[in-house]
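Data block below; observations after.
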Amino acid sequence: MSGTNKSDKKRVLSGIQPSGQLTIGNYIGAMRHFVEMQDEYDCYFAVVDLHAVTVPQEPEALRENTEAVAALFVAAGIDPAKAAIFVQSHVPAHAQLGWLMTTLAYMGELERMTQYKDKAAGKVAVGAGLFTYPALMAADILLYNAHLVPVGDDQKQHLELTRDLAIRFNRRFGETFVVPEPSISEVGARIMSLDDATKKMSKSNPNPNSYISLLDPPDVVRKKISRAKTDPGREVVYDPANKPEISNLMTIYAQCAGVSLDEVQKRFEGQGYGAFKKELAEVVVSVLEPLQRTYHDIRQSGAIRDILRDGAQRAAAVAEVTLRQAKEAMGFLLPQG
Ligand code: ATP
Ligand code: LTN
C-alpha cells in the first residue's frame, strides 16, 4: 500500500503504551524522533496495548487511550503513508514471538530490570506480565528486524536485553534476527517530573501537576509551569547536579524552541526564574497548539480506524514472515499452506 521501494532502507520500530495521556516527555524523548526518522527509514510505530495491561487499566480508558495515542502519532507529524502506525494487539505475531522470547530469557535477567523493580515496588500483588514485559518488548523489535529503536533513556536496559536475546537466539538456532541498536538523543532523553526532579516525567503518575500532557489546554500548561518546583536561587543556569529542576525546565525549553542549552542560558541571563517560566510556557504552548488542532481534526474525521487497519496489515506482512522463520529455526512443526 505504501508503494515505495523499501528494500534498501533500514528498519525502525518503536512503541508507546496507551497507559494514559502522552506527556511532553514522550514527545521530546521519543515521538519527535519518530517524525525525524520516517523519511530515511522503513518505520513501524506501535501503540503497545499488550504492554499497557501489565498494570491494571480501565477497559474504556484503554480503548480511548489507544485511539488517542495513534491520533497523536499523526498529529505530531508521522505520515501514515510513510510509516506503519498500528496497534500491537492487532498483529498476533507479537504475543506469539513474545512467548518464545519468554522461554529464552533468564529469571535473573528479568529480575535486574529497573523498570520492573520500580513498578513492582511496594505492591502486594504484582502481575506476572510486568515481570516478563521485556521479553514481549524484545519480540516487538525482533519481529521487524529493526536496526534502530528510538527511545528515551529509561529504555536502554530493555534494549540491552533485547540485543542479548537476539544474539542468544541466533547462536542457538542459527542467524535469524537483526541485533538492534538503541537510538537515544543526547539532550532530552530523560525529562524529569515537574514536582520531583529525581523521577522521570511519566504519564501514569497519579499527580497531573507532575507532567505536561500533550493535550493540556494553554492555561493548564501555564499553570503547571508556573507551579513547577525550582530551587531557592534565581540564576537560569544549566547545572543538572546542583540545579536539577531548572536544568530540566531549560531542557524542555531548548527542545521546544529548537535552540541549544547554551543559548537558553544566554537568553535568560540575569532575568530570574519568573521571567524564564513565563517564556517557557509560551514556547511549550506554541508546540502544543498546532499539534492539538490536528489531533482534534483527526479524531473528528474518524480516519484513525482506517490508518490502523492499513498499518496492521503492513506490520503483519513483515512480522508473520519473521515469526515463521523463528519457529522453523526452533524446530516447531509448521502448519501446511
Ligand atoms: P508509563 O508511565 O505508563 O510507564 P511512560 O510515560 O514512561 O509510561 P512509555 O509509553 O513507557 O511512557 O514510553 C514511550 C516512550 O517515551 C519511550 O521511548 C520512553 O523512553 C519515552 N519516555 C517516557 N518518558 C520519558 C521522559 N520523561 N523523558 C524522555 N523520554 C521518555
Ligand atoms: N517498553 C517501552 C514501550 C515499548 C517499546 C517497545 C519501545 C514496548 N515495546 C518496542 C520500543 C520498542 C516503554 O516502557 N517505554
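Rule-based calculations on the coordinates, nothing more; no lab input. Given the structure is predicted, the values throughout are model-derived calculations rather than measurements. Reconstructed Cβ throughout: ideal geometry from the backbone, glycine too, with neighbour counts over all protein chains shown.
Distance from the C-alpha centroid of the stretch 6-50 to that of the stretch 129-152: 12 Å, rounded to the whole angstrom. Between the stretch 283-320 and the stretch 163-193, how many Å separate their Cα centres? Their Cα centres are 26 Å away from one another.
Under 26 Å Cα to Cα from residue 229, which lysines show up? Leave out anything in the same chain fewer than 8 places away. Straight-distance partners of residue 229: 119, 199, 200, 203, 243, 266, 277, 278.
Determine the dipole magnitude for the chain: charges of +1 sit on the beta-carbon of Lys and Arg, -1 on that of Asp and Glu, nothing else is charged, the reference point is the Cα centre, and the result goes in debye to the nearest 20.
With only Lys, Arg, Asp and Glu charged at Cβ, the dipole is about 420 debye.
Shown for the stretch 25-119 is the translational diffusion coefficient from the Stokes-Einstein equation, using the Kirkwood radius over Cα pairs, a temperature of 25 °C and a viscosity of 0.890 mPa s: 161 µm²/s. Per-residue extension of 0.36 nm, minus the Cα-Cα distance of residue 239 and residue 329, leaves a gain of 27.3 nm for this segment. Per residue, the chain reaches -16000 deg cm²/dmol at 222 nm when only DSSP H runs of four or more residues are counted, each adding -39500 (n - 2.57).
Applying a DSSP loop filter and a limit of 10 other Cβ atoms within 10 Å to the trypsin sites (Lys or Arg not before Pro) in the stretch 113-219 leaves 123. Placing unit charges on the Cβ atoms only, positive for Lys and Arg and negative for Asp and Glu, gives the stretch 120-267 a dipole magnitude near 340 debye about its Cα centre.
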